[in-house]
Amino acid sequence: MYTGCLSEAAYFIASDGEAAVIDPLRDTAAYLEIAAQTGSVIRYIFETHFHADFVSGHLDLAEKTGAQIVFGPQAATEYRVHIARDGEEFQLGKIKLQLLHTPGHTIESSCYLLYDEAGKPYCLFTGDTLFVGDVGRPDLSSGGFSAEELAGYLFDSLQQKIKPLPDDLIIYPAHGPGSACGKQIGKETFSTLGEQKQTNYALLTDDKQTFIEKVTHGLSQAPPYFHINARINQKGYEQLHRVLERSLVGLTVTEFKQHMQKERVLCVDTRAPETFVEGFIPGFLNIGLRGRFAEWAGRLLPYHRPILLVTEPGKEEETITRLARVGFDSVIGYLQGGFQSWMAAGEPRDMIISVDPEEFALDIPYDQRMVILDVRHETEHVQAHVRGSINIPLEDMRDPVSLMHLEDHHNLYVHCETGYRSVIACSLLKQQGIHNLRNIAGGFREIRQQPQIEIVEEKNVLN
């Protein structure tokens, strides 16, 4: 059950009227629906580890079903769970699952080996221990261990627990491409162990010290919300239905303005970027719901501050739910009627000028004050970029120091890969008082199609 905006895979397993869910999201309705459709009773909720990139749905799902929450050895929680021993088996209808303790990504990380009705190993749910083409990053400290220490544990887990398993075993990881839980996760969301033995650098490396060096080298900085989500998953959280009851509050324009004036309120507009640029409430940050919304909310928004929302009408509950997936439980309301009600009330609006790549190309030779701002990740910029552009990754732009080289007299032309991140960046810049800017619609993907724009490409760049 794949959730693209988080690159996250949960799994529902059913046999002979009994079911288990592995690594569920916080919004649990889909699992309950499948259980009803299959006539299954959810008996177990298996967690592969304390997730850092999302808030798991284990507590809500256990409350609704009475299922037992299972973690691997060395997991310490502040709520009731079953801490399984290494090798412990769980019968599920006519099949069984066996927990394999595989420390490395975190100290409690575990995989679940599923045996089919004939008792044959069929698939392995690897969590963040083993991805397609990669392994889980070992720098999300668990239990006070260093990245090098956890990488050493990970080497032993792969060599002793996973590599001896059959080559035809299907590998089902917790994440696919785009997740920050690995550094070079492949494009596929599942594989076989035999394929990974032939292609995954982590399984091809037999020397422990070399493995440690490879796994710890070149890691991007972990998003700051990771440690917050991991702590929430370990300590517990408020039930989602209570968060929704408290947050789904429609506010009139007058009420909305009163809340906007309060200290520490975060103002977020989740409409599509191409809609946002045409008009928005001054000072609002755009994070489009149709993109990697929850991830960018986690990267850019400070926690434990009240949040006001502008959404497309009808998208209020989805927005609040997706914020809750990464631990934001502090929405205090949304603008009833959306941005149109703001305009109908005659309130002021702001805009972002968007130019297409053709217009951008025409401006380059003549605009002496032009600064081309590339807000993609550093690795994206190194691989290929517009000559003369400067790179400030979007996730760094909350820090005013990162913008210190931008001057009032600059004409900023802002782009990312497709246009989603650049609009977020433009709204951030406007929040910080920088208004002389243009968003390049279509981003670098369209820019590089313009033959008159000089592109610098670096071959053989390692991510």
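The values are calculated or read from the model by the stated rules, or taken from the named source; none is laboratory data. What you see is a predicted model, and the numbers here were worked out from it, not measured in a lab. All Cβ positions, glycine included, derive from the backbone under ideal geometry; neighbour counts span all protein chains shown. The area values use the complete protein model at the heavy-atom level, side chains included, leaving out ligands, DNA and RNA. Shrake-Rupley method; radii C 1.70, N 1.55, O 1.52, S 1.80 Å.
Counting protein heavy atoms only, segment 320-463 has 48 percent of its accessible area on carbon and sulfur, 1.4 angstrom probe.
Computed over segment 154-227, the range of Cα coordinates on each principal axis works out to 38, 29, 19 Å, biggest value leading.
Label point of residue 168 set 7 angstrom out along Cα-Cβ; within segment 186-211, amide nitrogens under 15 Å from it belong to 192-195.
At most 13 other Cβ atoms within 10 Å and a DSSP loop assignment: could you name the chymotrypsin sites (Phe, Trp or Tyr not before Pro) in segment 342-384 that fit? List each step's numbers first, then the result.
Details: sites: 342, 360, 366; in loops: 366.
Answer by residue number: 366.
Using the Cβ-Cβ distance between residue 118 and residue 204 with R0 set to 30 Å, the FRET efficiency works out to roughly 0.45.
Out of every Cα-Cα pair that segment 382-428 contains, those further apart than 12 angstrom amount to 68 percent. Backbone amide hydrogens, once placed in the peptide plane, bring residue 96 within less than 5 Å of 115, excluding anything fewer than 5 places away on its chain.
Between residue 370 and residue 278, 0.36 nm times their residue separation minus their Cα-Cα distance comes to what?
Once the chain is fully extended between residue 370 and residue 278, it gains 30.9 nm.
Bridges between two residues of segment 334-463, per DSSP, are antiparallel at a rate of about 20%. Less than 21 Å apart at the alpha-carbon level, and either on another chain or at least 8 residues along: which lysines does that give for residue 235? Cross-link targets: 64. Only protein atoms count toward the accessible area here, which uses a 1.4 Å probe; on segment 203-283, the carbon and sulfur part of that area reaches 49 percent. Less than 19 Å apart at the alpha-carbon level, and either on another chain or at least 8 residues along: which aspartates and glutamates does that give for residue 208? Cα-Cα hits under 19 Å: 134, 139, 148, 149, 156. Between residue 453 and residue 85, the simple label model (points 7 Å from Cα in the Cβ direction) yields a spacing of 6.2 nm.
Taking every DSSP beta bridge with both residues inside the chain, roughly what % is antiparallel (nearest 5)?
About 45 percent, rounded to the nearest 5.
Placing dummy labels 7 Å off each Cα toward the beta-carbon, the span from residue 248 to residue 68 is 3.5 nm. Residue 404 sits with roughly 120 Å² accessible to a 1.4 Å probe, with DNA, RNA and ligands left out of the calculation.
Within the full protein context, the accessible area of residue 15 is estimated at about 10 Å² for a probe radius of 1.4 Å. Gain on full extension, evaluated as 0.36 nm per residue between residue 222 and residue 407 minus their Cα-Cα distance, stands at 63.6 nm.
Stokes-Einstein at 37 °C, 0.692 mPa s, Kirkwood radius from Cα pairs: D for the chain in µm² s⁻¹? Estimated via Stokes-Einstein, D reaches 138 µm²/s. Excluding ligands, DNA and RNA, the accessible surface per residue across segment 266-332 is 29 Å² with a 1.4 Å probe.
Once the 1.4 Å probe is applied to the protein heavy atoms, segment 370-463 comes out at 48 Å² accessible per residue.
Legend: P(r) of segment 70-227 from all alpha carbon pair distances, 5 Å bins from 0, whole percents, reading 2, 10, 18, 23, 21, 15, 8, 3, 1, 0.
Over all alpha-carbon pairs in segment 148-296, figure out the percentage whose distance exceeds 28 Å.
Summing the P(r) of segment 148-296 above 28 Å gives 46 percent of all pairs.
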